[in-house]
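Here you go, one structure.
The values are calculated or read from the model by the stated rules, or taken from the named source; none is laboratory data. Just so it is clear, the model here is predicted, and its values are computed rather than measured. Note that we place each Cβ from the backbone using ideal geometry, even for glycine, and neighbour counts take in every protein chain shown.
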Amino acid sequence: MPAAVSIKNLDKFYGDFQALRDVSLTVTEGEKVVICGPSGSGKSTLIRCINRLEEHQAGSIDVLGTVLDDNTGHIDAIRREVGMVFQNFNLFPHMTILENCVLAPMLVRKTPRAEAEEMAMHFLKKVHIPEQAMKYPGELSGGQQQRVAIARALCMKPKIMLFDEPTSALDPEMISEVLDVMVSLAREGMTMICVTHEMGFARQVADKVIFMDRGQIIETNPPTEFFDNPQHDRTKTFLSQVLAH
Amino acid sequence: MTDIALAPPSLDLRHMVRRKLFPTPLSGLVSLIGIALISWLAWALIRWAILDAVFFGTPDECKQAAGACWAVITTRWRLMFFGLYPYDEHWRSAFGCLTLIAVIVLSCIPWFWTALRISVLWVVSFTIFVVLMRGGLFGLSVITEDKWGGLALSIFIFAGTSLLGMPLAIMLALLRRSPLPLVAKLSGLFIDTVRSLPLITILFTVAILLPIIVPGLAGTKITRVICGMAVFFAAYQAEIIRSGIQSLPVGQEEAAKALGLNYWQRTRKIILPQAFRRALPPTVSQFAISFKEVALVIVIGIFDFLASGNAAYGSGDWAFAYVEVYAFMAFVYFIFVFSLSRYGAYLERRMRVGK
């Protein structure tokens, strides 16, 4: 399998604070990677570097054969192929659900409106809320908004999906409806990189689980190995904290 | 066990009056005095403004009557509305003025809130106004800008200020947020400089000093005044827009970036529409302020609504009727600015539901 994302020796600083230290990671096409770790460990920063929401200072990122550098053409090309789902949904509140979904395909991919709307309805059906298409984001529950956010990202037909703690801002009873959508997306073969604390999800779909702490990757293993036989002390401590509750 | 009330208790009018106005003897006395005072004032005003007023007639008839002399308005309204514009051509000024009012009203309708629609609307209507007013086309006689005046001119200056000022304000607000420090600093310096100058000095500069400093300067005095006022408007409005932009959650721009939208697409579709919604109350008051500030152009000898009003009573015969003239002008200003603030309130209600 060719590499979808290839990160080599990445360093990232906020002023004097080093958020990422010498991080290297390869994600092959179709692979599902779950990144976990304590708060402030750099896991969100890492996936935000992949589509240039954060700028890295050293090392290299290669996405689907395009090198991520200061060239805006390269950045645009990568963003077109990489979808992202945020912790706080970030739907556009002044547009209906349907407009949220057709905006980027129409502007960026120049898809005609009729076709874009058809595609939007297809993906809204897939996340089980086609009947909300004409509503505004403020009229939906958190779980529904997050499913719309997933549909909106899918409308760009991305090859890679990044999930940045997609269930952390949700009420407990809404978490499973979002995870279900992510599981079915995984089953269809999407390349996924998920920052999440949902260890059940990691066990169910991940090809490999990565544990990060203080800006470094501490451990990378398949889920059975990762959960049943963690190698590193910090991983063990973290898992005991996350799985205990 | 007591019954559960299914509806709030309904109060009859007598009960309400007693509870609100006469809860105690002292409050009742104060209420009575207040009601008497208001009634007396209202009656005096109605007698002066309507019952004893003269609506049509000569100055002499007015002087004999005890009430207001609205005859000065019915006789001189054309001067107040159209200034020194040639009498036979007043219809052109009236149509031009109505076009601008119509376009101001149309701009308030959300359907027009796309960059394309709003610019087409304004460019077309402005062209119609200028062609009607200046003439020289379609067999209309040429009437130069020094003859324009009255309410029509005031609305033209206001519309011109908004038309030039708003795009300039957006540009300044975006430049001030530029990631390039030099550009951001320069824009900030420009905004702060203009904001630290009184409007009246800007008006004197563009109307009187500029032609002396730069001989052979293109453009009439009115065009220069509109440009000066637009820059002044833009400096304030830019900060209002910037406050709207900065109040947006950073996630909005990040989501737009992640979807692949470029800078202009993000700005046009995501950032500005939301920034304008958030900055709506101060934007409405900025428009109200600029509408009233147009009256300042009187000091540089432009014959606006206020100047025409002064002329309407200032010509001997009607000199005694200045109260009525000013009351009428205040009423016209009130209609404009009050509708503006009502419109602002409507927009806020509308946006509360997320639209």
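Please work out which one of (1) of a type outside the set (V, I, T); (2) closer than 26 Å to B:M166 by Cβ; (3) in contact (Cβ under 8 Å) with a residue 60 or more places away in the chain; (4) touching a Phe, Trp or Tyr at 6+ places or on another chain (Cβ under 9 Å) is the condition B:R76 fails and give its number.
(2)
State whether one or more residues within region A:4-21 are surrounded by fewer than 20 Cβ atoms within 10 Å (Cβ to Cβ) and in contact with a helix residue (DSSP H, G or I) (Cβ under 7 Å, 6 or more places away or on another chain).
no
Within region B:218-248, how many residues are assigned to a loop (DSSP other than H, G, I, E, B) and either among the aliphatic types (A, V, I, L, M) or in contact with a Leu (Cβ under 6 Å, 6 or more places away or on another chain) (or both)?
2
For region B:144-176, which residues satisfy the criterion of being at pLDDT below 90, over 22 Å from the mean Cα position of the chain (by Cα) and not acidic (D, E)?
B:T144, B:K147, listed by residue number.
Those residues that are free of Cβ contacts under 8 Å to residues at least 40 places away in the same chain and buried (at least 16 other Cβ atoms within 10 Å of the Cβ), I need them from region A:148-176; list them, please.
Hits for region A:148-176 are A:T167, A:L170, A:M174, A:I175, A:S176.
Determine the pairs where a residue that is within 7 Å of another protein chain (Cβ to nearest Cβ), located within region B:249-261, has a partner that is among the aromatic types (F, W, Y) with Cβ atoms under 9 Å apart, the partner being 6 or more residues away or on another chain.
That search, which allows pairs on different chains as well, returns B:G251/A:F86; B:G251/A:F89; B:Q252/A:F92; B:E254/A:F86; B:A255/A:F86; B:A255/A:F89; B:A255/A:F92; B:A258/A:F86.
Of the residues that make up region B:254-261, is at least one part of a helix (DSSP H, G or I), among the charged types (D, E, K, R) and at pLDDT 90 or above?
Taking every residue of region B:254-261 in turn, at least one turns out to be part of a helix (DSSP H, G or I), among the charged types (D, E, K, R) and at pLDDT 90 or above.
Separate question: How do the helices (runs of 4 or more DSSP H) wholly within region B:11-130 filter down when requiring 2 or more residues that are within 27 Å of B:L347 (Cβ to Cβ): which remain?
The qualifying helices (runs of 4 or more DSSP H) are B:90-107.
Take the residues in region A:221-245 that are out of contact with any Asp or Glu (no Cβ under 9 Å at 6 or more places or on another chain) and among the charged types (D, E, K, R); name whichever of them is nearest to A:V33 (Cα to Cα).
If we take residues in region A:221-245 being out of contact with any Asp or Glu (no Cβ under 9 Å at 6 or more places or on another chain) and among the charged types (D, E, K, R), then A:E225 is nearest to A:V33 (Cα to Cα).
Any residue in region B:304-318 that is touching a Pro at 6+ places or on another chain (Cβ under 7 Å) and on the phi < 0 side of the Ramachandran plot?
Yes; the residues of region B:304-318 include at least one that is touching a Pro at 6+ places or on another chain (Cβ under 7 Å) and on the phi < 0 side of the Ramachandran plot.
Moving on. Please work out which one of (1) more than 26 Å from the chain's Cα centre (by Cα); (2) in a helix (DSSP H, G or I); (3) not aromatic (F, W, Y) is the condition B:I289 fails and give its number.
Condition (1) is where B:I289 drops out.
I'm told B:G216 meets every condition in (1) within 14 Å of chain A (Cβ to nearest Cβ); (2) out of contact with any helix residue (DSSP H, G or I) (no Cβ under 9 Å at 6 or more places or on another chain) except one. Can you identify the failing condition by its number?
Of (1) within 14 Å of chain A (Cβ to nearest Cβ); (2) out of contact with any helix residue (DSSP H, G or I) (no Cβ under 9 Å at 6 or more places or on another chain), only one is false for B:G216: (1).
Something else about it: Considering only region B:310-337, state which residues are assigned to a helix (DSSP H, G or I), of a type outside the set (A, V, I, L, M) and without any contact (Cβ under 8 Å) to a residue 24 or more places away in the chain.
Residues satisfying the conditions are B:N310, B:Y322, B:Y326, B:F331, B:F334.
Test of understanding: among B:I302, B:I270, which residue is in a helix (DSSP H, G or I) and buried (at least 18 other Cβ atoms within 10 Å of the Cβ)?
B:I270
Which residues, taken from region A:65-83, are touching a strand residue (DSSP E or B) at 6+ places or on another chain (Cβ under 6 Å) and surrounded by fewer than 21 Cβ atoms within 10 Å (Cβ to Cβ)?
Within region A:65-83, A:H74, A:A77 qualify.
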